[in-house]
Amino acid sequence: MTPVDLHCHSTVSDGLLPPREVVRLAAGRGCRLLALTDHDELGGLADAADEAAQHGVRFVNGVEVSVSWGKHTLHIVGLGFDAANETLREGLAGVRAGRDARAVAMSESLARAGIPDVLEGARRHADNPEIISRAHFARHLVERGLAKDVKSVFKKYLVRGKPGFVEHEWARLHDAIAWIRGAGGVAVLAHPARYEIGNETMRVLLTEFRRLGGEGIEVVSGVHGVHEVARFGRLAQEFGLLASSGTDYHATGEGARDPGLNPDLPLGCEPVWSRWLEAA
Ligand code: AMP
Ligand code: MN
Ligand code: MN
Ligand code: MN
C-alpha cells in the first residue's frame, strides 16, 4: 500500500463527511499525502489544509472538474494549484452555475416517469446548494425506496438513457486543463476506466489530453480493478503520463475504500506526487 490519496470528496460537493473529517479519517489510516478534490469547487480546501497540518499530513490543493468531450463526460482532477487564482475560480463558478438548471431538468424528467418531487428531496441532501450532483439524487431515491442502494439507483434511473439523466454541457477539456495549469497545477485524467470509451477512442483522448497540457492519469483508483490498474499503468507509460492514485472516497459504505491508502502503482509508473513529497 502507498500512504497517498489524491482523490476524495467532502460535503462541499457530494461526499458525506465535512472536509476536516475526511482528513482525520485519512490521517487515522496512515495517509501521509492527501488532496481533497471536490467537484467544481474549492470551498473545502482551507479547512482540509489546516486539519492536515494538525495531523502531520502533507496536503495538496485539489479539485475535480466536470468536462464534456464530444458526447462523453470526463472528470479532470487538478492538483497542487494556487486556490486564489481568479481564472480558475471564475471557470469553476461557471461550471457550478449549470448544475442547478440541470437538477431541475432531471427532476422534471423523473416526474414525467412517475416519480414526483425529487428536486426538493435531492436538495435536502446537498450541503452546498451550488453543487447538486447525481449522488444527491441517488441518496434521495434510495431513501424513497426506489432501489436498494446508490449503485443500483444509478443503473435504474441516473445513467444515460434512464429517466433521471439529462444531457449537459460541462467545461471544455481545453479550458479545464488551461485553468488548472494557469493556476500552477497539474491536470490528471480521473478514473479512466469509468468512461464508456473503447480502446481506440481512449488513445485519441490520451493523445489530445497530452497535447492540451494534461500531465497525469489515475492508474490506481477506487473504481479500478486489478486489470484496469495494469491497463492504465501501461497506457501511462506509453503516453508519457505521470501516474496518480486516489480512492474517490465519498462515503463509507458507498464506495470501494475509505480515504488514505491505495494499492501500490505498477512497476515502471512514475508517481505524479514526487514533487510534493520532495518539497516536504
Ligand atoms: P454528477 O457530477 O452530478 O453527474 O454526479 C457524478 C457523481 O455521481 C460521481 O462523482 C459519483 O459521486 C456519483 N456516481 C456516478 N456514477 C455512479 C455509479 N455508477 N454509482 C455510484 N455513484 C456514481
Ligand atoms: Mn461524486
Ligand atoms: Mn469522478
Ligand atoms: Mn471523484
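The values are calculated or read from the model by the stated rules, or taken from the named source; none is laboratory data. Worth saying up front: this structure is predicted, and the values here are computed from it rather than measured. Quick reminder, even Gly has a Cβ in these numbers, built from the backbone with ideal geometry, and neighbours come from all protein chains shown. Ligands, DNA and RNA are stripped out before the accessible areas are found, and what is left, the full protein with its side chains, is counted by its heavy atoms. Shrake-Rupley method; radii C 1.70, N 1.55, O 1.52, S 1.80 Å.
Helix 226-238 axis versus longest C-alpha principal axis of the chain: approximately 60°, rounded to the nearest ten. Working from label points 7 Å from Cα in the Cα-to-Cβ sense, the Ala53 to Val142 distance is 3.5 nm. Quick one: with all protein chains in place, what share of the accessible area of the chain is carbon or sulfur, to the nearest percent (1.4 Å probe)? Of all accessible area on the chain, carbon and sulfur atoms account for 50 percent.
Under 5 Å from the amide H of Trp273 lies no amide H of any residue 5 or more positions distant or on a separate chain, with H modelled from the backbone and absent for Pro and chain starts.
What the phi angles of the range 69-81 give under the Karplus curve with 6.51, -1.76 and 1.60, with θ = phi - 60°, is a coupling list of 10, x, 8, 8, 9, 10, 10, 10, 8, x, 9, x, 9 Hz, glycine and proline written as x. Spin-label model, Val226 to Arg203: label points 7 Å out along the Cα-to-beta-carbon direction sit 2.7 nm apart. Take each peptide in 250-256, 119-125, count the other Cβ atoms within 10 Å of every residue, and average; sorted highest first, the result is 119-125, 250-256.
Computed with a 1.4 Å probe over protein heavy atoms only, the accessible area of Leu173 comes to about 10 Å².
If the chain linking Asp149 and Arg210 were pulled fully straight, counting 0.36 nm for each residue of separation and taking away their Cα-Cα distance, it would gain 18.3 nm. Remark: relative contact order (the chain) = 23 percent; criterion is Cα-Cα distance under 8 angstrom and separation of 6 or more residues. The Kirkwood hydrodynamic radius of the chain, based on inverse pair distances between different Cα atoms, is 18.9 Å. Rounded to the nearest 10 degrees, the inclination of helix 199-211 to the longest alpha-carbon principal axis of the chain is 60 degrees. Among Cys8, Cys269, the order of accessible area from largest down is Cys269, Cys8, computed with a 1.4 Å probe on protein heavy atoms. For the chain, lysine pairs with C-alpha atoms less than 18 angstrom apart, excluding pairs fewer than eight positions apart on the same chain, total 4. Taking only Cα atoms, what is the 0 to 90° angle, nearest 10, from helix 134-143's long axis to the longest principal axis of the chain? The helix 134-143 is inclined about 50 degrees to the chain. Largest first, the residues Arg99, Arg29 sort by 1.4 Å accessible area into Arg29, Arg99.
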